[in-house]
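Just below is one structure, and these are the notes that go with it.
FYI, it's all coordinate maths here, none of it is from the lab. A quick note: this is a predicted structure, and the numbers were derived from the prediction, not measured. So basically every Cβ, Gly included, is an ideal-geometry build from the backbone, and we count neighbours across all protein chains shown.
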Amino acid sequence: MSLKETKKVDTNRYQLEITVDGEKFREAIKEAYKKNGKKINVPGFRKGKAPLHIIETYYGSEVFFEDAFNLLYNDLVDEAITESGLKVINDKMDFDLVSISKENGVDFKVSVTTYPEIEVGEYKGLKAEKAAVKVDAAEVNAEVNAMAERNARMVSVEDRAAADGDTVIIDFEGFADGKAFDGGKAEGHSLVLGSGQFIPGFEEQIVGKNIGDEFDVNVTFPEDYGAKELAGKEALFKVKLHEIKVRELPKVDDEFAKDVSEFDTLKELKADLKKKALDRKKKAAEEAVENALVQQIVDSIKGEIPEAMYENRLNQSVEEFAYRLQGQGLNLETYLKYTNSNIDDFKKSFRPQAEAQVKYRLALEKIVELENITADEKEIEEQYEKMAKDYGVEVDRVKSAIPADELAKDIAVGKAIDFIKENAVITEKAEEKSEEKAEEKPAAKKTAAKKTAAKKTEEKSAE
């Protein structure tokens, strides 16, 4: 293989002219013959037994050109990209065949998209404010109450009618235009009144009914209902109420603490909850500072970013979302159907996030380049071990899923964030004093680069 020429044809777009000599091309023709010659019929020979030169004589000398070139193509392009020194983005390659012959080999051109040549503004001495964090008793009590809610038990009620907030067990069958419709019938269905699980008006008509009651519920399906054959139609449901249940909360005391945690007293449990909440807030405050600092660098970026980078990130976001759905027993197609959406609109919803993530990563990679930040073998090994522990798999399995050079890039990007923070001027906001508890604002979510390593490890762990 020979990289004959590298030529810039547009912003972030290069054309590579690649040649392969006749000898190598003829060897590829022989390989193509061995692979595909058995499928070819030639009069006077059993199927697949005709020699190469006979097939070429009968069908033409170019009979195996395409197959031979396909055998070579990927390696030729990969080698040419490596030799060119270009950092290529996964994008559509334009192909142009210049010449091809058994004697002289192949000459062809491919156009590739490269990473953008960007510039960033000042990244040392940036300023940011860090939020003061605290956890008060009300927040701890709210968490304890949430634990009590999670450990509530359902108790049957028999001495009153159904009320809003109750869980009822019902049978029902729905009719539209006097006919039962698909999906409109169930027995022993559990429904929380007031949850909005059913179409508007259904749950309200169960309130006030008693165990054993059989009654009609009249509703109208919304105009935008997912099943078009029912959208906007009036419907009647035959309902029977079997059981009424309420949530009974446990008493919050030392016994409760023993039941729901490893602690012996409620005081110890609350102390642990306070510590964890404080750690979460500190981490969120740190991430908010990181985001604020890096955003200043992102805002200073100069350079044209290829659309392919955004498109690749969009596709990755959709894949990640679909992967999470699988963990819930769903697939993307079903999700889109239930949300009355389509893949194009769904992808568009990720666009702002994708643009932010691409720019965030490019900004940090530029700092890595400018400051010559690297990851050494010890850091890479420690990260492998940490990931193996986090995902509960063997280190060798993580290594087989994630190339060391890819992991090294992520480590370097993380070190770039540390570098920016170390060289920044960070002041802590004064704590706001108020008799009323201030509304807690969520910490800015860190828009980090795609953690390819983490995702690949998840996929390997699931196998």
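Contact order for the chain, expressed relative to its length and based on alpha carbon pairs under 8 Å spaced 6+ residues apart, stands at 16 percent.
What shape does the stretch 2-113 have by the C-alpha gyration tensor, where a ≥ b ≥ c are the square roots of the eigenvalues, rounded means a/c under 1.5, and otherwise prolate means a/b greater than b/c and oblate the rest? It comes out prolate by the Cα gyration axes. Computed from the C-beta positions of residue 3 and residue 215 and an R0 of 56 Å, the FRET efficiency is 0.10 to the nearest 0.05. Here's how it looks for residue 4: its modeled amide H is under 5 Å from those of 17, 18, 19, which are all 5 or more places away or on a different chain.
Our compactness index for the stretch 153-248, the C-alpha radius of gyration over the empirical 2.2 N^0.38 Å, is 1.09.
Compute the FRET efficiency between residue 308 and residue 223 as 1/(1 + (r/R0)^6), taking r as their Cβ-Cβ distance and R0 = 45 Å, and round to the nearest 0.05. Could the numbers behind the result be given before it?
Working: r = 40 Å, r/R0 = 0.90.
Working from the Cβ atoms, E equals 0.65.
Computed from label points 7 Å out along Cα-Cβ, the spacing between residue 422 and residue 99 is 5.7 nm. Within straight-line reach of residue 127, meaning a Cα separation under 17 Å, sit the following lysines at least 8 residues removed in sequence or on another chain: 421, 429. Relative contact order, whole percent, for the stretch 153-248 stands at 41, derived from Cα pairs under 8 Å and 6 or more residues apart. Taking max minus min of the alpha-carbon positions on each principal axis, the chain gives extents of 96, 69, 42 Å, largest first.
Using the Cβ-Cβ distance between residue 163 and residue 389 with R0 set to 51 Å, the FRET efficiency from 1/(1 + (r/R0)^6) comes to roughly 0.55. Under 1.5 on a/c is rounded, so check that first for the stretch 157-201, then, if it is not, pick prolate when a/b is larger than b/c and oblate when it is not; a ≥ b ≥ c are the square roots of the alpha carbon gyration tensor eigenvalues. Prolate shape, in that a/c is at least 1.5 and a/b is the bigger ratio. Take each peptide in 359-367, 299-307, count the other Cβ atoms within 10 Å of every residue, and average; sorted highest first, the result is 359-367, 299-307. In summary, the aspartates and glutamates within cross-link reach of residue 399, defined as a Cα separation below 19 angstrom excluding same-chain residues under 8 places away, comprise 376, 377, 379, 381, 382, 385, 390, 410, 458, 459, 463.
Rounded, prolate or oblate: which fits the stretch 222-339 when a ≥ b ≥ c are the square roots of the eigenvalues of the alpha-carbon gyration tensor, with rounded for a/c under 1.5 and prolate only if a/b beats b/c?
Numbers: a/c = 2.97, a/b = 1.05, b/c = 2.83.
Oblate shape, in that a/c is at least 1.5 and b/c is the bigger or equal ratio.
Taking 12 Å as the cut-off, the amide N atoms of the stretch 68-92 that come nearer than this to a point 7 Å along the Cα-to-beta-carbon line of residue 13 belong to 92.
Under 11 Å from a label point set 7 Å out along the Cα-to-Cβ vector of residue 272, no amide N atom of the stretch 238-252 is found. To the nearest 10 degrees, how steep is helix 307-327 against the longest Cα principal axis of the chain, on a 0 to 90 scale? In the chain, helix 307-327 runs at an angle near 50 degrees to the longest axis.
Within straight-line reach of residue 337, meaning a Cα separation under 14 Å, sit the following aspartates and glutamates at least 8 residues removed in sequence or on another chain: 224, 345. The label-point distance for residue 130 and residue 234, in a model that sets each label 7 Å from Cα toward Cβ, rounds to 6.6 nm.
So what is the 222 nm mean residue ellipticity for the chain from helices alone, if each DSSP H run of at least 4 adds -39500 (n - 2.57) and you divide by all residues, rounding to the nearest 500 deg cm²/dmol? Could you put the intermediate results ahead of the total?
Working: 14 runs with 204 residues, N = 463.
Value at 222 nm, helices only: -14500 deg cm²/dmol.
Of the peptides 132-145, 161-174, the ranking by mean beta-carbon count within 10 Å, highest at the top, reads 161-174, 132-145.
Relative to the first principal axis of the alpha-carbon coordinates of the chain, what is the inclination of helix 351-370, with its axis defined by its Cα atoms, in degrees from 0 to 90 and to the nearest 10? Helix 351-370 and the main axis of the chain meet at about 60 degrees.
Relative to the dominant Cα principal axis of the chain, helix 266-299 is inclined by about 40°.
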